[in-house]
Structure formats: structure tokens, C-alpha cells
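Engineer: Handing you this structure, nothing more for now.
The values are calculated or read from the model by the stated rules, or taken from the named source; none is laboratory data. The shown structure was predicted, so the numbers you read here are calculated from the model rather than taken from an experiment. Neighbour counts run over all protein chains shown; Cβ positions are idealised from the backbone, glycine included.
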Amino acid sequence: MLRDEAPSMVLLDIKLPDMSGWEVLKMMSEDPSYPQVPVIVMTASLGTTNPDFPLYKNENLRKVLKKPVSIHELTREIKEVLN
Amino acid sequence: MAYGMLRQGPRAIGTLEYNLIRKDGTSIPVEVHIALLRDAQGKTSGFVGINRDISERRYAQRKLEAWARWQAVVATLGQRALSGIEPDALIHETVNMVADSLGTEYCGFLGLMPEGDRLILRDGVGWKDGMIGSVVVEAGKNSQAGYTLLQAEPVVVEDLPGESRFTPAAFLIEHNVLAGMTVLINSKEQPYGILGAYTSHQRHFTPEEISLLQSIANVLAMAIDNRRMLEAEARARQNAEQDNERRLRALAMVSHELRTPLTSIKGFASTLLADDVVWDARQQSDFIRTIDEEADKLASLIAQMLDFSKIEAGVFVLLPARQSPHSLVAAAMPHLQELAAGHKLVIRVPETLPDVVADTQRVGQVLENLVENAAKYSSLETPIRISARLHEKFIEVSVADGGPGIPVQERENIFQPFYRTSNTAILKAKGAGLGLTICKGIIEAQGGRIWVAENPDPGALVSFTLPLADPAERNRVIDDRFKILIIEDEANIRKLISVNLSARGYDVIEAEDCPTGVGDAA
């Protein structure tokens, strides 16, 4: 989907059945054949509040939102990312 | 010889002052010392008079006298001002004192009108009947008063008809005014006006006289300033007291409102837990349903209070998006139907209306509140109508019911926080008194307004406006919609995010796992 649909951005859950969202994020940014678009990550376990946390080091990652995500917060962040 | 006689013992008989007329007709004040001259036998043989020019001294004396008199005027005026006299009465006394102490035929107080472009003769001495309160002059160079306002310093005129700095006002010409001086009555904000003394005779105004008039104007300005400040303070104090009272009442009301559902919840929970009674399944589920309902009420009350405090604090966050009024109302419909149960909900929102910029969820909240009120205050089976129309640069949405309507005297107040109606017909309704305040906050934050409209039919009619979207932006948004990929395994969360983003104009594509999301297979 990411390649064919060329979305403007991705909302990514971390706890996924086959691989973690962090891995998806890494894969995306390491493979230049993927469109490099902004990503907002949603996770129930906000590992750390430290912005230097290694997992947060990714060019495409714009925001980490704690689940449950409020629609207000989400739409606000999306708007910000897309602008 | 005279000298010799004087030496023999002249007897001064005295000093007197008189005006000596010079050859050219001018007079000078002189002091003359006169002494009799006597011969050896003591017979008066003549007199000696010494004239001394005392015009300097006389001038200084006059000045001193005038100065003392003016000081007295300023002092009296200051005292009157301190006595708490009404500004208008003080102005009246002032113009009389000015005319008296300067010996001018006319004195006038020209008050600056609120728009700041004209002055009106508010009070004065000497003017023809009917002029006070009706003569108006332009600010600026079309009157001496206006010119004084521009200059912000005293303006002295000795030949008004020949004046070139400004055009004399007609009413001064009408009174044959020849000379005059005007000073500014200034204040911290806008000047109050001009104080002027005028005469139809030739008259020279000395620097002392000019500064006297200015001092009087300053006392007047201070008195008016003080008065206004006192009035403002009194008003502020009264407002604060009312505010405080309202808050206390609100607090009492809010605690009562919170306690009511809490009492039910606690009561039915304890009832269920009682170990001396056995409730059957039907009773149990009835109690639990009550607890559930009351918990909802409590939650909505708390949500209202949070919204209210955010609005009050000015930190209310909105997510406005471009959409049609029709879809805005449609989004709220499921909940509106529920709230209007028992009534007939009539929707008249044409699909052709142009787009607005609004927060779907928040406008939905406003509609819900208005429909809920409508349902509460009108009898069952009566219709509740929601309509929308284009009005200038806004879409005007109205909610009308078939209830008793909102009395005219309450229409402003019902948007006040914690306002309680005194109308017994609708007193039975409960709530924290915040619903409409929040509606007002939501609508105003989006650039609209909300009000109780004049209703030709019986029943309440509440309208609000939402600003139209910029038509130029329309194509851009539609042609260039953002597409968002959601990768989330929980179907319900995916759906929640998806419907919300779609409603805000985004294209949404969903993936439940990584292969679908980032793989090429799908």
C-alpha cells in the first residue's frame, strides 16, 4: 500500500501481529524505494519520555502519541504534520 | 534758596499718589512728597513737591494683587472639587469664576464629544439664550477651540476676525468677540474639552492670566478624572461583589448537581451489595441500569465543567474543517434523534448551501444542547425544527421548538454561566446552568455568534452563525486531499480513526498488518 497508494503520511500502531511498528519505521526509512513520508506512531507503552530515546531517532517519525489516542489530539497532530 | 529753607527745617506734610498726565496724553502713576517751605519767622513761603514715577511698583503691586486673587480662585475651585461636587456643577461654578476674575464678558466650556470630532458649548457665561447645550463647533482648524485641541497648549487671540491660524467659529463672531484665550482641559485618555475666556473689547492677556486659566483647567480636569475614577472603582467593586456572589451560588449549585447522581449511584450500589436481601435478576439489572445512567449524567456534568473552565481560561481547542452545513448536521443526527425522542425532528438544511469552516464534533455538541433544551421545554409530539440558511458571509443555523418560548428579559442572560431562570414554567429543568454558556464559547471561538432570535411563532428560537469557507480554497482542498495510511491491527480503533479523519476531509486507507501496509502484495 505504501508504494502503490503513495499516502501523504502514515499512522502507525506499534503493537502489530507480525512485527513491531518500530521495525516498520526502520524498514521504511532504510529502503529508498519507499516513499519517505511523515509518520505518527501510536503506542500504549510510552517507553520513555526522553526525546533522545534511540527508537525515536528516525527521520520520518514526527510524533509519538500515547494510546488511547484522543481524536482531538490526533487530528491536531495530523494537521500540524501535513502543514 | 529752597535748599537753604529746607535746611532751616522744612516740615514734610505728606505723601500722596496720583496719576500724572503726560503731554502726549498718557498717564503715569506718581508718588509725590510734599514739604512746606517756611522762612525764618516760620511763615509759609511755598512748598516743594517731588514726583516719583512709581509705575513699576504699581505694576508689580497690581500683579501681586491679581496673583493673590487668582490663587484664591484656584484654591477655591480645588476645594470645591474636593468636596465631591458633581462635575457639571463644578464646571458651572468655574465658568462664572473665570469670567469674574479675568473680567471677560464671555467664558465657555466646550466639551469634546465622544466621537472626538466636534465640541459642544456645554456651559458658559455671557452667551445668548439657547446657545448653551446647542452650539457645536468642529475640532481642528475650523474653530479656536478645535485649534487649541490640536495645539494642546493655550491659544491667545487679540484680533479674532483677522485670525489666520484657524477659522473663527460663527458663534464667537456673532458675539463680536475680538480677543480671547483658550486652554485645553486634558485627561489621561481623551481630552475633556476646552475652557475659553473671550471679550468683545481690545484686551491683552498677560502670561500670568494665561497660566491662571490653564491652572483652572487643570483643576477641572483633575476633578473630573477623580470623579470618573471613583465611579469606575465603585462599578468595579459592585461587579466583583456580584461576581463573587454568583460564584458562590454557582459552587453551591454545582455541588448539588454533582451530588444528585452520586447519591443514586452510591445508593443503588449499596442496595445491590446488601447482604440481608436477595434481588432477582430483573431488579439487579434495573439497579445497574440506573447506576449506568446516573454515571453518564455525572460524566456529562464533569465534561461540561471542564469545557466551561477551558472557555473561561481561553484554552479551548477547536479543530475546524471545511464542510457543508448539511454534513455538519448529518454527523450529529444519530445523537439528535435520540435527544428528540418523543418529538418530531424536522430538518431543513439544503445540501446546496455553501461550505462552512467548523469543528464537527463541537458544533454537534451545540446542536445537541439546543435540541436537548428544545425537547426539555416543549411538550411531547411537538416538532423541533433545525434549519439553515445563507446570510451574508455566514450560514445561520436555527433550532426552534413548540414550547413556551424564552421571555424577552431573559434572552441575554441565558448565555451567562450558572444563570437560572426565574420563569416557573421552565424551572423544573435541571443542570449546572452551563450548557448555553459552552455553546456560546464554542460558536464564538469559531467566529460566529449565538442568540435568541425573534420568533413569529410561539416557542423558543435559538440561532447561531458559522463563517463561510473561502470559496477560493475549495478546489485546492478537493483536488489535493491528503491521503493517510493507518496501520493498526485493532479493527475498532482503525474504524474510529478512519471515520473521524474522513469526516475532516482526509482520504483514509487502512491496513491491519505490516504486509498489507508496507508490503507490495496487497
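Engineer: Could you count how many residues in the stretch B:84-103 are in contact with a Phe, Trp or Tyr (Cβ under 6 Å, 6 or more places away or on another chain) and outside any helix (DSSP H, G or I)?
Structural biologist: 0
Engineer: Can you confirm whether the stretch B:73-83 contains a residue that is exposed (fewer than 14 other Cβ atoms within 10 Å of the Cβ), modelled with pLDDT under 85 and either in a helix (DSSP H, G or I) or in the same structural domain as residue B:131 (by TED's automatic domain parsing) (or both)?
Structural biologist: Looking through the stretch B:73-83, at least one residue is exposed (fewer than 14 other Cβ atoms within 10 Å of the Cβ), modelled with pLDDT under 85 and either in a helix (DSSP H, G or I) or in the same structural domain as residue B:131 (by TED's automatic domain parsing) (or both).
Engineer: Report, by residue number, each residue of the stretch A:1-15 that is of a type outside the set (S, T, N, Q) and either more than 7 Å from chain B (Cβ to nearest Cβ) or part of a loop (DSSP other than H, G, I, E, B) (or both).
Structural biologist: If the condition is that a residue be of a type outside the set (S, T, N, Q) and either more than 7 Å from chain B (Cβ to nearest Cβ) or part of a loop (DSSP other than H, G, I, E, B) (or both), then A:1, A:4, A:6, A:7, A:14, A:15 are the ones that fit.
Engineer: Given the stretch B:464-521, what helices (runs of 4 or more DSSP H) lie entirely inside it while holding 1 or more residues that are at pLDDT 85 or above, out of contact with any helix residue (DSSP H, G or I) (no Cβ under 7 Å at 6 or more places or on another chain) and away from chain A (no Cβ under 11 Å)? Working first, answer last.
Structural biologist: Values: elements: B:471-479, B:491-503, B:514-518.
Per the criteria, B:491-503.
Engineer: Quick one: count up the residues across the stretch B:255-299 that are within 41 Å of the chain's Cα centre (by Cα) and either charged (D, E, K, R) or exposed (fewer than 13 other Cβ atoms within 10 Å of the Cβ) (or both).
Structural biologist: Number of matching residues: 6.
Engineer: Hey, can you tell me all the residues within the stretch B:300-311 that are exposed (fewer than 14 other Cβ atoms within 10 Å of the Cβ) and aromatic (Phe, Trp, Tyr)?
Structural biologist: none
Engineer: I'm checking my understanding of the structure. Among residues of the stretch B:426-459 that are in contact with a Pro (Cβ under 7 Å, 6 or more places away or on another chain) and modelled with pLDDT of 85 or more, which one is surrounded by the fewest Cβ atoms within 10 Å (Cβ to Cβ)?
Structural biologist: So the residue we want is B:447.
Engineer: Would you mind stating whether residue B:52 is surrounded by 11 or more Cβ atoms within 10 Å (Cβ to Cβ) and touching a residue at least 24 places away in the same chain (Cβ under 8 Å)?
Structural biologist: In short, no.
Engineer: List the number of the failed condition for residue B:59; all other conditions in (1) at pLDDT below 85; (2) in a helix (DSSP H, G or I); (3) surrounded by 15 or more Cβ atoms within 10 Å (Cβ to Cβ) hold.
Structural biologist: (3)
Engineer: With the condition kept exactly as written, say whether any residue in the stretch B:102-114 is over 16 Å from residue B:175 (Cβ atoms) and among the acidic types (Asp, Glu).
Structural biologist: No, the stretch B:102-114 has no match at all.
Engineer: What's the number of the condition residue B:357 fails, among (1) among the β-branched types (Val, Ile, Thr); (2) closer than 23 Å to residue B:437 by Cα; (3) away from chain A (no Cβ under 14 Å)?
Structural biologist: (3)
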